[in-house]
Amino acid sequence: MGILHDDLVIIRPAEREGEASLITVNCPDKTGLGCDLCRIILFFGLSIVRGDVSTDGKWCYLVFWVVGKSTTRWSLLKKRLVGVCPSCSSASGISFYRSELQPPRPPDVFLLKFSCYDRKGLLHDVTAVLCELELTIKKVKVSTTPDGRVMDLFFITDTRELLHTKKRQEDTCGRLNDVLGDAVISCDIEMVGPEITACSQTSSFLPSAIPEDMFNLEMPDELPSGIKTSESVSVTMDNSLSPAHTLVQIVCHDHKGLLYDIMRTLKDYNIQISYGRFFTKQKGKCEIDLFIVQADGKKMVDPSKQNALSSRLRMELYRPLRVAVVSRGPDTELLVANPVELSGKGRPLVFYDITLALKMLNTCIFSAEIGRHIIGDREWEVYRVLLDEGDGLFVPRNEIERGVWKMLMGWE
């Protein structure tokens, strides 16, 4: 089966304001492809309002209706979506499915050392520049000195794989200088070896300052004060409507990255979608129908497996991220955690949303850390933000918690 390489992904931007743009993907299939595509769409700040998926197990056809920023770089989005489609061999401009897939090489890690004078919203502005340049933050250490200077240490990877070049490094520091102006003191980028990367990794043990109930995988009786979520998440399974597939029906309230949360959960369970549809209705209600098979190509008939999958889906849609504001001695610390995919990839734009929410709340950041911890049988990405309350501006903790949660969920 052949297809022109440029036709693997076709994007038709909306012609009028208020309309959805159309993204069509027609390529070889793989388990987890939907998750990878939804992660990229989420990274570009777009929301999926409708989707259709169909596959015969070898070739797939996906259509997404998306809404979002008018400044979306559509050509770059197309390039990134094509990049996650399974490998193809090319002959005379025609692409063919190639089953042998080489595992990707781990990306090079770079250390961005950035020093500047502090001001409100500084960390968000730096994070926004890194996102704009497609630089992924793996770990960050931010601290403020008594004289009002900030030292940022960002361990980052480059989606474009060009950060080893002098031009890309100069462009990055130049862009930071353009945005921050006279506040910049110094900017330096260097590649770090695996030994430095290993030393920079956070201990897998959970620090005592982080409450363990943040990571409870059971449906809670109630969420922390200030946190609002979908009133109900319904997940039902039916094996009577198809001789070869299990039907999964989901009804819930929409949130930022909803389809990504569904797809990453199915990917972690090694579940393949043969056909699916997703659409939002009035007042943010979403309905999703998915015809799935297990890794062996058979429907899911084991009640224990059905219960495990439906329980995990309910939990991931009810509470896809965890947010808490706690005391750290005399100070206040914001904690945000999200589960990491089994592939090792984390949720995009979390740090961007955290820093934007705090900027909008006029809350300064004294220090921040990003680390990964294994709790139970899952890996979590944990964001620890120590808030600066020294300027006398007091924002109630439940307001901070609510503001960050609403930003992460797209309900701001």
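Summary table below
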item: Label zone at SER75 (point 7 Å along Cα-to-Cβ), backbone N below 17 Å, the range 148-176; result: 160
item: Sequence-distant residues sharing a close amide H with CYS85 (under 5 Å, placed H); result: none
item: Where a label projected 7 Å from the Cα of TRP59 along Cα→Cβ would reach, residues of the range 19-50 with amide N under 16 Å; result: 25-30
item: Alpha carbon convex hull of the range 277-412, projected area averaged over orientations, nm²; result: 10.9
item: Cβ-based charge dipole, the range 278-390, positive-most Cα from GLY284, VAL323, LEU334; result: GLY284
item: Out-of-range pairs (alpha-carbon distance over 28 Å; input LYS138/LYS406; LYS79/LYS281; LYS30/LYS305); result: LYS79/LYS281
item: Cα-based radius of gyration of the range 325-395 once divided by 2.2 N^0.38 Å, which approximates compact folds; result: 1.22
item: Peptides ranked, highest mean first, by Cβ atoms within 10 Å: ranges 119-127, 18-26; result: 119-127, 18-26
item: Amide H partners (placed H, <5 Å) of SER274, local residues excluded; result: PHE291, ILE292, VAL293
item: For the range 371-380, 3J(HN,Hα) per residue [Karplus equation, 6.51 cos²θ - 1.76 cosθ + 1.60, θ = phi - 60°, Hz, x = Gly/Pro]; result: x, 10, 9, 9, 10, x, 10, 10, 9, 10
item: Unit Cα scatterers, Debye sum, the range 101-172: log10 I(q)/I(0) for q = 0.11, 0.16, 0.17, 0.20 Å⁻¹; result: -0.31, -0.61, -0.68, -0.88
item: Binned Cα-Cα distance frequencies in the range 234-330 - 10 Å width, integer %; result: 14, 47, 25, 9, 4, 1, 0
item: Net length gained if the chain between THR157 and ASP331 were fully extended (0.36 nm per residue, minus Cα distance); result: 59.4 nm
item: ARG149-HIS164 pseudo-label distance in nm [points 7 Å out on the Cα-to-Cβ vector]; result: 3.3
item: Amide N proximity, the range 108-129 versus ASP182 label position 7 Å along Cα-to-Cβ, cut-off under 19 Å; result: 115-122
item: Burial ranking of peptide ranges 43-50, 298-305 (average Cβ count within 10 Å, highest at the top); result: 43-50, 298-305
item: Ratio Rg/Rh [Cα only; Rh per Kirkwood] for the range 245-297; result: 1.00
item: SER304 paired with ASP52, simple spin-label distance in nm, labels 7 Å along Cα-to-beta-carbon; result: 4.0
item: For ASP388, distant residues with modelled amide H under 5 Å away; result: CYS364, ILE365, PHE366
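Read the figures in this text as sums done on the coordinates, not as results from a lab. In this text the structure is predicted, and so the values were computed from the model without any measurement. Don't worry about glycine lacking a Cβ; one is built from the backbone with ideal geometry, like all the others, and counts go over all protein chains shown.
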